Amino acid sequence: MRILVTGSTGKLGAALLKQLKDLDYQVKITSRRKPEGEAFPWVYSDLLSGEGLEEAVKDVDVIIHAATSPIKNSKSIEVAGLEKLLSKLNHIHLFIYPSIVGIEEIPFQYYRLKYEAEELLKNSSVPYTIARATQFHSFVEDLLLSTPLFKRYIIPGKVKFQSIDVNEFARHLIDLVNKGPQGKLDDFCGPDIMTLREMAELKIKVNNETNDVLSIPLPGKLYNSLIEGKNTNPLQKKGQGDKSL
Ligand SMILES: NC(=O)c1ccc[n+]([C@@H]2O[C@H](COP(=O)([O-])OP(=O)(O)OC[C@H]3O[C@@H](n4cnc5c(N)ncnc54)[C@H](OP(=O)(O)O)[C@@H]3O)[C@@H](O)[C@H]2O)c1
């Protein structure tokens, strides 16, 4: 089985490569930058211009599409880039698309595009599996809990997350490779739903920090949808928080 991992320099891409090293697949990887010290064969490709896509998808059976661009050129990459890629995939057995829990209910442009991309894939002739996950632990940490200001985490403390270990999600995606096209799967969510305040307090306790938390409200529908936990799914607590992966 020959697998192509797109987005090989990203968070999910790196987690996939780490685990694929121990498995018996032929792996090829692609992104615009070459991941440092990576032994798998790498091909340059750009979803924006389309350059290199043909070469990247040549001779592969399965694609795990971990390339994305949430901020810059996001429509061109998430939707138009996917369309370009799909047009070259008459030969593949399976296209695995990682997506995000609750995207149709959260008013955020990147999430609208992810939904559009899901629909594009569903209406294509490419055999697919859509695997939605909640936010990665590292995403919440990097975006909201990385830098205390004057010894305080100033955060919208009421918003909820059910974050997941990226390595667990990567393993879930790799487990899908041999299962063939599954359509859209049940959500893959972290073990606990917590408010951001609870997460910050846990971080402070675990790391024995002297920081404290200042919770601030934010206006808007996005903020309210995250307070309501639209990005979570209490019925699908899959992650174990397994740090051994
Ligand atoms: N982050 C989360 O919390 C989370 C949660 C659930 C699902 N997901 C989904 O998981 C997937 C991966 O997310 P991630 O957080 O790992 O993303 P990431 O860390 O931002 O990585 C994005 C990857 O896309 C590549 N890329 C960006 N622009 C490109 C372009 N024009 N052409 C080709 N490649 C390009 C980047 O490599 P180069 O810059 O080297 O090209 C990088 O390898 C996404 O579909 C995301 O929606 C993420």
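The values are calculated or read from the model by the stated rules, or taken from the named source; none is laboratory data. Values in this document were obtained by computation on a predicted structure and should not be read as measured data. Reconstructed Cβ throughout: ideal geometry from the backbone, glycine too, with neighbour counts over all protein chains shown. Just so you know, the surface numbers come from the protein's heavy atoms only, side chains and all, with ligands and any DNA or RNA stripped out. Shrake-Rupley method; radii C 1.70, N 1.55, O 1.52, S 1.80 Å.
Take the range 118-231 with all the other protein chains still there, run a 1.4 Å probe, and you get 50 Å² of accessible area per residue. Projected onto their three principal axes, the Cα atoms of the range 38-176 cover extents of 54, 37, 30 Å, largest first. May I ask you to derive the FRET efficiency for Asp175 and Lys72 from their Cβ-Cβ distance with R0 = 45 Å, giving the value to the nearest 0.05? E(calc), rounded to 0.05, equals 0.90.
Comparing mean-square fluctuations of Tyr115, Tyr25, Tyr44 from a GNM of the chain with C-alpha springs under 10 Å, the top value falls on Tyr25. The helix-based estimate of mean residue ellipticity at 222 nm for the chain, built from -39,500 (n - 2.57) per DSSP H run of four or more residues and divided by its residue count, is -8000 deg cm²/dmol to the nearest 500.
The calculated Kirkwood hydrodynamic radius for the chain is 18.9 Å, given to one decimal from all distinct C-alpha pairs.
Set the Förster radius R0 to 22 Å, insert the Cβ-Cβ distance between Ile216 and Thr147 as r into 1/(1 + (r/R0)^6), and round the FRET efficiency to 0.05. The pair Ile216/Thr147 has a calculated efficiency of 0.90. Find which of Phe188, Val177, Val213 sits farthest along the positive direction of the dipole of the range 167-215, computed with +1 on the beta-carbon of Lys and Arg, -1 on that of Asp and Glu, about the Cα centre. Value computed over the given set: Val177.
Spin-label pair Glu55-Phe40: with each label point 7 Å from Cα along the Cα-Cβ axis, the two points sit 1.8 nm from one another.
Residue separation of Glu83 and Asn123 scaled by 0.36 nm, minus their Cα-Cα distance, works out to 13.3 nm of gained length. Here's the picture: charge each Lys and Arg Cβ at +1 and each Asp and Glu Cβ at -1 in the chain, and of Ile96, Pro156, Val126 the one pushed furthest to the positive end of that dipole is Pro156. For the range 100-158, the set of trypsin sites (Lys or Arg not before Pro) satisfying both a DSSP loop assignment and a count of at most 11 other C-beta atoms within 10 Å is given as Lys151. Only protein heavy atoms count here; under a 1.4 Å probe, Met194 has an accessible surface of about 40 Å². In terms of its alpha-carbon gyration tensor, the range 98-201 comes out prolate; a/c meets the 1.5 threshold, and the first ratio a/b outweighs b/c.
Computed on the chain, with alpha-carbon pairs under 8 angstrom and 6+ residues apart, the relative contact order is 19 percent.
May I ask you to give the percent of accessible area on the chain that is carbon plus sulfur, with a probe radius of 1.4 Å? The nonpolar share, carbon plus sulfur, comes to 52 percent. Quick one: grab the alpha carbon gyration tensor of the range 61-100, order the square roots of its eigenvalues as a ≥ b ≥ c, and give me rounded if a/c is under 1.5, else prolate or oblate depending on whether a/b is larger than b/c. Here the range 61-100 falls in the oblate category.
Give me the dipole magnitude in Debye, nearest 20, for the range 13-124 about the Cα centre, with unit charges on the beta carbon: positive for Lys and Arg, negative for Asp and Glu. Can you show the working numbers first?
Values: 14 positive and 17 negative charges, 56 e Å.
Dipole size: approximately 260 debye.
Electrostatic bookkeeping for Pro70 treats Lys and Arg as +1 and Asp and Glu as -1; over the other residues with beta carbon under 13 Å from its beta carbon, the sum is +3.
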